[in-house]
Amino acid sequence: MKKILITEDSPTMRSLLVAAIEAMDGYRVIEASSGFDALRLLPRERVDLIITDINMPDINGLELISYVRDNPNYRSIPLFIISTEGSDRDRERGLSLGADEYLVKPFQPEQLQRLIRDYIG
Amino acid sequence: MMVTDDPKGKAVRDFLAESEEILDQMSRDILSLGDSADRDEFDPETVNSIFRSAHSLKGLAGMFGFVEIAELSHTLESLLDRLRLGKVPLESATLGVLSEAAEMLGLLIRSLESGGGAPSGLAGVLDRITACISSARREAVAVSPEDLGITDKILHSLTEYEDHRLRENIARGKSLYLFHAVYPLDTFDRELGGLLDFLKEIGEVISTLPSAEGGMESSIGFDILVGTGRGRDELDCLQGLEGVTVTALERSVPASGSPEVRAVTESAVQHAVERPAEADAPAVERPVSSSARSLSRTMRVDITKLDELMNIVGELILSHGTVAAISTRMRAQGFSGLAMELAKASKGMERKLAELQQRVMEVRMIPVGQLFERMSRIVRKICREQGKKIELRMSGADTELDKMIMEDIADPLMHIIRNSIDHGIEPPDERAERGKQEQGTIRLSAFQKGNHVVIEVEDDGRGIDHERILAKAVELGLVDTAEGITPKEALSLIFLPGFSTADQVSDVSGRGVGMDVVRNNISAVSGTVDIESVSGEGSRVIITLPITLAIIKALVVKSSNRCFAIPVTSVRETLSLEGVEIRTVERKRVIQLRESTLPLLALERFFALESSPEMSESPFAVVVGESDRRIGIVVDDLLGQQDLVIKSLGSIFKGVGGIAGAADLGDQSTILVLDVSGIVAEAMRGTA
C-alpha cells in the first residue's frame with residue numbers, strides 16, 4: 001500500500017482528491033489540512049508521494065517544498081503541486097524549488113491518476 | 001440545478017457548505033476593510049485573506065463546473081491580486097465593488113441551492129470589477145531586499161505576495177527581524193502559534209519557513225521574517241524564550257525617508273517597475289491619479305483614542321462637580337452674589353459638558369445591524385448543516401450601540417442563537433407533529449430603552465422544560481431540593497457554572513461553553529441577561545446592555561466604613577430597615593417586601609470585611625436585580641448619586657467576584673464599583 005500525503009486547506013477539494021486517488025487500488029491517502037499539519041505528519045508516516053497546494057494560511061506550499069527538499073529524510077519523495085491557476089512566478093518557483101509536477105485546478109482525475117502511476121507505480 | 005437531483009449530491013453539498021463559509025469570511029473581511037476607512041493604511045493581511053477566499057472559490061467552482069461562480073471569482077481574484085500586490089490602490093469605490101461582488105457570489109451560490117434561475121446583473125458586476133482593475137495603476141515598490149542578509153533559501157520560498165510585502169515593509173521604513181525558533185516536533189504548532197500571535201501584534205509576519213534542524217527527527221526549526229515599526233529594545237523580551245533567537249536585518253531606524261531607507265530604495269530592483277527615488281521624496285509610493293485628495297469623508301480612528309477622550313470627558317464632569325460644590329459652599333458662607341454667578345457659569349458648563357459627552361458617545365456608536373448580519377450568515381450555515389428550516393427575522397437593525405460593547409457581545413449572542421437552533425427549534429418532522437409550521441422562526445430584535453439597548457432572541461421552538469432543568473440541578477447538586485422553586489427560578493439555574501442539560505455535547509452549541517460564560521461575558525460589559533420560556537411554545541433571551549460603558553450614574557453607599565458605588569441602572573429602590581422584621585429562612589436573612597420575600601445580603605460579609613456590625617444596625621437596603629432575582633444589599637449609609645468614570649481593575653483582580661471596576665470620586669479618593677449581576681448570581685447560589 002503506497003501512502004500519499006495531501007496538503008490542502010479546502011475540505012471539499014481534499015475529498016475530491018481523495019476520491020480520485022482511492023478510485024485506484026493500492027494507495028492510501030493521508031490528509032493534512034494545513035502546512036503545519038503536513039510538517040507533523042511527515043515524520044510519522046513514511047509517505048511515498050506528497051501533493052500540496054500553494055496558497056495556504058499558515059505556511060505556503062513553497063515553504064513546504066523548500067523544507068521537504070532540504071531535509072535528507074524526505075528529499076527524494078516525489079512532490080506534486082496542485083493549485084488553482086494563479087501567479088506564474090509562484091509556479092516557476094515551485095518547480096525550481098524541486099516540485100516534480102504542477103497540476104492546475106480544475107484537474108482531471110485521470111490526469112492525476114496517470115501521474116501517480118508514473119511516479120510511484 | 002436542484003442539489004438533491006444531483007448524482008454527486010454529497011460533494012455538491014460539501015461545496016455549498018464550504019463556499020458559504022468562504023463567503024462568510026470574505027464578507028467579514030470586506031466589512032473590516034470598510035471599517036478602516038483611511039485606506040492607505042489598511043491591513044494587508046485582510047486583503048490577502050479576501051484574495052485567498054476568491055482564489056479558493058475559483059478553484060472549487062471550477063472543479064464542479066459552476067461556470068458563473070468560477071468566472072466571477074476569477075475576475076474578483078484578479079482585482080484582489082492587484083490590490084494585495086499594491087498594483088491598484090484601494091479606494092472607496094473599489095470597496096463598494098468588492099461588496100457587490102461578494103453579494104453576487106452569495107446570490108449565485110444560493111440559486112444553486114434553491115434551484116432557482118441565475119440572478120441577473122452578473123455582467124454588470126463583472127464590468128465594474130474589470131473597470132477597477134484597469135482604472136488606476138500604482139507603480140510597484142522600487143526597493144530590493146537582496147542586500148539585507150536574508151538567506152537565498154528564505155527569499156526563494158517567498159510567494160509573489162510575500163515578496164511584495166517584504167518590499168513594502170522596506171519601503172515604509174519598517175525594521176526587519178529574522179527570528180529563529182526551534183521546537184520539539186510534537187508540540188511545535190502550539191508554541192509557534194503563541195510566538196506568531198505575539199509577532200502579528202507588534203508587526204507583520206512576512207514569511208514562516210520551516211527548516212530541518214541538522215536532520216534531527218524530533219525537532220523542527222522555523223525562520224520567521226517580521227517587519228515592524230518597533231525598536232530592537234521592545235523585542236528583547238523574546239530573547240529569554242527558550243530556543244528563540246532574534247537577528248536585526250541591517251537597519252533599525254523606523255523612519256520613512258531616512259537616509260538608511262533611501263540607500264535601499266536606490267539599490268537594484270528585481271522585477272519591479274523602476275522609478276528613481278528622489279532625494280527628498282518619501283520612500284512610500286503614491287497612487288497615480290489626477291488629484292491627491294482622498295475621496296473619502298471618513299477616517300479611521302483607533303478606538304482606544306476614543307476611550308481616552310471619553311475618560312477625559314468623564315474627568316471633566318467630575319471636576320465640574322467640584323466647582324458646583326464650591327458654589328454651594330460659597331452661598332452657605334455668605335458670598336451669595338459671587339455664588340450666584342459661579343452657579344450660573346457652572347450650569348452653562350454642565351450643559352456644554354453634557355453635549356460633549358453625547359457627541360463623543362455618538363462617535364463610538366454603530367448600528368447593531370452589522371452584528372445581526374453576521375448572525376444571519378451563521379444561522380444559514382447551521383441550518384444547512386443540521387437540516388433545519390429556520391427563518392431569521394430581524395428588527396431594529398439601526399439601533400446604535402457602543403462599538404466595544406458590540407464586539408464583546410458578539411460571541412455570547414452567537415452562542416444564544418446557536419442554542420436556539422440546536423436545542424430550541426425542532427426538526428421539521430417533529431414540528432409538523434406538534435402542529436407547528438415546518439419552518440421555525442428566530443426573531444432577533446434590538447431597541448433602545450432609556451440608557452439601555454435591549455437585544456432579544458426569541459424562538460418558536462420547544463421551549464425549555466423547567467422540570468428537567470430542576471431535576472438536573474438537583475442531580476448536579478446545584479440546589480438542595482426542587483421544592484419551592486418556581487418555574488422562573490428554575491430557568492435562571494441554567495446560568496449557573498457547570499450547568500448543561502444537553503445529554504450529549506452537540507456540534508453546534510456544545511463544546512462545554514455554558515450559559516454561565518454567556519452571562520459572565522455580558523455582565524463584563526455591565527449588561528444583564530434574562531430568559532423566559534413557555535414549554536412547547538418557545539423561549540426568549542433578553543440581553544440588556546448599557547448604551548455606552550465609560551460613564552455611569554452610581555449610588556454611593558457606605559458599609560463597614562468603606563464606600564462602594566452601585567450603578568443606578570441596577571438599583572430598583574432603596575429601603576429603610578428601621579422597624580422591619582428580618583426573618584431567617586434556610587439560613588438566609590429575608591424581609592417581606594410587599595407580596596414577596598427579599599433575601600438580604602450584607603456587603604461586609606460578601607467581601608469578608610472586618611468589624612462587621614450586627615445586621616440590624618445597618619439601617620438601609622438597596623434593592624437590586626431583575627424581577628424575581630432581586631436581593632437587598634444591606635448598607636450603613638446612602639451617600640447620594642454621582643457620575644463616575646468606571647475603570648477596569650486589570651487582570652490581577654480578575655478572579656475577584658462582585659466587583660465591576662473602580663472609579664475616581666473627584667476628591668482624589670478611589671471607590672469600588674459593584675458588579676450587581678455577579679453579586680445577585682452569587683447570592684442566588686446561596687454562597688453569600
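Computed from the coordinates by the stated procedures, all read-outs in this text should not be read as laboratory data. What you see is a predicted model, and the numbers here were worked out from it, not measured in a lab. Virtual Cβ from ideal backbone geometry, glycine too; neighbours counted across all protein chains shown.
Structural remarks
- Loop GluC sites (Glu not before Pro), segment A:8-66 (other Cβ atoms within 10 Å of the site Cβ: 15 or fewer; DSSP): A:Glu45
- As a proxy for reagent exposure, ranking B:Glu578, B:Glu573 by other Cβ atoms within 10 Å from fewest up yields B:Glu578, B:Glu573.
- For segment B:303-363, the relative contact order works out to 45 percent when only alpha carbon pairs closer than 8 Å and six or more residues apart are counted.
- Basic side chains Lys and Arg get +1 at the Cβ, acidic Asp and Glu get -1 at the Cβ, and with that the dipole of the protein assembly as shown about its Cα centre reaches some 1360 debye.
- The value of relative contact order for segment B:92-219, using C-alpha pairs under 8 Å at least six residues apart, is 19 percent.
- Cut-off 20 Å (backbone N to label point 7 Å along Cα→Cβ of B:Thr304), residues of segment B:15-35: B:35
- Neighbour-count order for A:Arg44, B:Arg165, A:Arg69, fewest beta carbons within 10 angstrom listed first: A:Arg44, A:Arg69, B:Arg165
- Segment B:366-546 shape via C-alpha gyration tensor axes, a/c threshold 1.5: oblate
- For a straight C-alpha distance cut-off of 13 angstrom, the aspartates and glutamates reachable from B:Lys472 (same-chain residues fewer than eight places away being disregarded) are B:Asp480, B:Asp503.
- Label-to-label distance, nm, for residues given as B:Ser576 and B:Met349 (7 Å Cα→Cβ offset): 3.6
- Efficiency of FRET between B:Leu316 and B:Lys647 - r from beta-carbon atoms, R0 22 angstrom, step 0.05: 0.90
- CD proxy at 222 nm, helix term only [per DSSP H run n ≥ 4: -39500 (n - 2.57); per residue of chain A; nearest 500]: -12500 deg cm²/dmol
- Dipole of the protein assembly as shown, positive end: most advanced residue of B:Leu195, B:Thr322, B:Ile485 [Cβ charges, Cα centre]: B:Thr322
- For the pair B:Thr481 and B:Gln386 in one chain, pulling the backbone fully straight at 0.36 nm per residue adds 30.5 nm over the alpha carbon distance.
- Annotation: aspartates and glutamates with alpha-carbon distance below 17 angstrom to B:Lys436 (same-chain offsets under eight excluded): B:Glu391, B:Glu426, B:Glu458, B:Asp459, B:Asp460, B:Glu537.
- DSSP-defined beta bridges in segment B:373-470 - what % are antiparallel, rounded to 5: 55
- Relative contact order computed over segment B:463-502 (Cα-Cα under 8 Å; 6+ residues apart), in percent: 47
- Remark: mean inter-chain Cβ contacts per residue of B:158-165 equal 5, using a 10 Å Cβ-Cβ cutoff to other protein chain atoms.
- Across peptide A:53-65, the mean count of Cβ atoms from other chains lying within 10 Å of each residue's own Cβ comes to 5.
- Reach of B:Lys381 by Cα under 22 Å, taken over lysines that are not fewer than 8 positions away in the same chain: B:Lys8, B:Lys10, B:Lys58, B:Lys389
- Given their separation in residues at 0.36 nm each and the Cα-Cα distance between them, B:His156 and B:Arg468 gain 106.1 nm when the chain is fully extended.
- Ranking of B:Leu413, B:Leu57 by count of other Cβ atoms within 10 Å, fewest first: B:Leu413, B:Leu57
- Dipole magnitude of segment B:303-363 about its Cα centre (Cβ charges: Lys, Arg +1; Asp, Glu -1), debye to nearest 20: 320
- Average beta-carbon neighbours from other chains, 10 Å sphere, peptide A:66-73: 5
- Grouping the Cα pair distances of segment B:145-225 into 5 Å bins from zero gives a pair-distance distribution of 3, 14, 25, 23, 18, 11, 5, 1 percent in increasing distance order.
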